[in-house]
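What follows is a single structure, and I will ask about it in a moment.
The values are calculated or read from the model by the stated rules, or taken from the named source; none is laboratory data. Since the model is a prediction, treat every value here as computed from it, not as a measurement. When we count neighbours, we look across all protein chains shown, and the Cβ atoms used for this are built from the backbone with ideal geometry, even at glycine.
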Amino acid sequence: MSSENYETTPAPLAQVEAADPQVLPPRDPRGGNAQRHGILSEHVPPSERAEYAAHVAHIREGAGASTYLEQRLADRAALALWRLDRVARYEAAQVSTAQRGARASIEKGSEYGPEGQAVKAWARLAKVCGLSVEQLRADPQWVEAEAQRFEGYAAHFLRWASGGSAEGLTDGEALNLGAALGAELEDREARPADMVRAMMGRPARRGEAASIEEGEWTYEPGELPGLLTFAREYLGAEAGAVLGELAQAEGRRAARIREGLREALGAQADALALAALPPPQTLVQRSFNTNGFVVPS
């Protein structure tokens, strides 16, 4: 089959110059392919004809068409609406396909384009939360649960700053609060052996002080009251302020988690929105000159 198209392939120059300017050359029948078979086709497939006939009848009735001319105009309106519906269905299918591709690229960890930006945003969020990217994407509610967890730690530190006790903590609360308070005491040059004595009520055994220094100590609920008492004695008048600063740090972490979720969801939404747009080459505007040849606008 010839690749020429009557709209895009001009006739030889000599033929054009010799032609009678008052007589137009016959139209190449291939030029109507889009109208007969493409998305703008006026042809109604057999599978659509019953539905189309009902559509035309509704349009005629709605327009109150009674004369021949009115019915013809109503029929043209019915056809135009039918074709517009066809285009809408095509666009919806294209958008759905493109967005599925974008989601697949994000799940595969694409490094480029809008999908790559979404992947990086999810990775940053996972680092702040301490959860896997797969967990977060599968259920973003995990993120809010993490934010609330750190807000809970902040509330404990605030209560301690006001003189409250460290009794009644869960295992998770003791582990995280103890690690934060222990690290703060170490930064202020408190001796790990003294911290062990305060928590355990006995001298530190071999390796226990080193376990605290290396951040490997597993703080348990029964150890936190002693650690808090030691912190207040060691910090003296500064104890309330230091505990208040720890509360603020936990609150900031909760805020970073929520901001990270907004960023990740926003980047993913942007990637899906951009996937829904036509490719750049189809957005280039073109116009037609009077001979039907395509020229840049």
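Any chance you could count how many residues in segment 116-140 are surrounded by 19 or more Cβ atoms within 10 Å (Cβ to Cβ) and over 24 Å from E250 (Cα atoms)?
Selection size over segment 116-140: 3.
Taking segment 156-178, which residues are in contact (Cβ under 8 Å) with a residue 12 or more places away in the chain, under 16 Å from Q248 (Cα atoms) and out of contact with any Leu (no Cβ under 8 Å at 6 or more places or on another chain)?
S162, N176 - these are the residues of segment 156-178 that are in contact (Cβ under 8 Å) with a residue 12 or more places away in the chain, under 16 Å from Q248 (Cα atoms) and out of contact with any Leu (no Cβ under 8 Å at 6 or more places or on another chain).
One line per residue, one yes/no per condition, for (1) closer than 28 Å to R258 by Cβ; (2) aromatic (F, W, Y); (3) part of a loop (DSSP other than H, G, I, E, B):
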{"site": "G152", "(1), (2), (3)": "yes, no, no"}
{"site": "N176", "(1), (2), (3)": "yes, no, no"}
{"site": "L185", "(1), (2), (3)": "no, no, no"}
{"site": "A190", "(1), (2), (3)": "no, no, yes"}
{"site": "R205", "(1), (2), (3)": "no, no, yes"}
{"site": "A210", "(1), (2), (3)": "no, no, no"}
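Report every pair of residues separated by at least 6 positions or lying on different chains whose Cβ atoms are under 9 Å apart, first residue within segment 186-206 and assigned by TED's automatic domain parsing to the domain that holds A166 and crowded, with 18+ Cβ neighbours inside 10 Å, second among the basic types (K, R) and in a loop (DSSP other than H, G, I, E, B).
That search, which allows pairs on different chains as well, returns V196/R202; V196/R205.
Within the group V284, V294, which residue is hydrophobic (A, V, I, L, M, F, W, C), at pLDDT below 75 and exposed (fewer than 12 other Cβ atoms within 10 Å of the Cβ)?
Answer to the check: V284.
Given A121, A138, A145, which one is over 17 Å from A180 (Cβ atoms), in contact with an Asp or Glu (Cβ under 6 Å, 6 or more places away or on another chain) and either of a type in the set (A, V, I, L, M, F, W, C) or at pLDDT 95 or above (or both)?
Exactly one of A121, A138, A145 is over 17 Å from A180 (Cβ atoms), in contact with an Asp or Glu (Cβ under 6 Å, 6 or more places away or on another chain) and either of a type in the set (A, V, I, L, M, F, W, C) or at pLDDT 95 or above (or both), namely A121.
Please find, among R89, R103, the residue that is under 43 Å from the mean Cα position of the chain (by Cα), surrounded by 13 or more Cβ atoms within 10 Å (Cβ to Cβ) and within 30 Å of L274 (Cβ to Cβ).
That would be R103, the only listed residue that is under 43 Å from the mean Cα position of the chain (by Cα), surrounded by 13 or more Cβ atoms within 10 Å (Cβ to Cβ) and within 30 Å of L274 (Cβ to Cβ).
Right, here's the next one. Among the numbered criteria (1) at pLDDT 90 or above; (2) surrounded by 12 or more Cβ atoms within 10 Å (Cβ to Cβ); (3) outside any helix (DSSP H, G or I), which one does T218 miss?
(2)
For segment 1-105, list the helices (runs of 4 or more DSSP H) that sit wholly inside it and hold at least 2 residues that are at pLDDT 65 or above; which are they?
49-63
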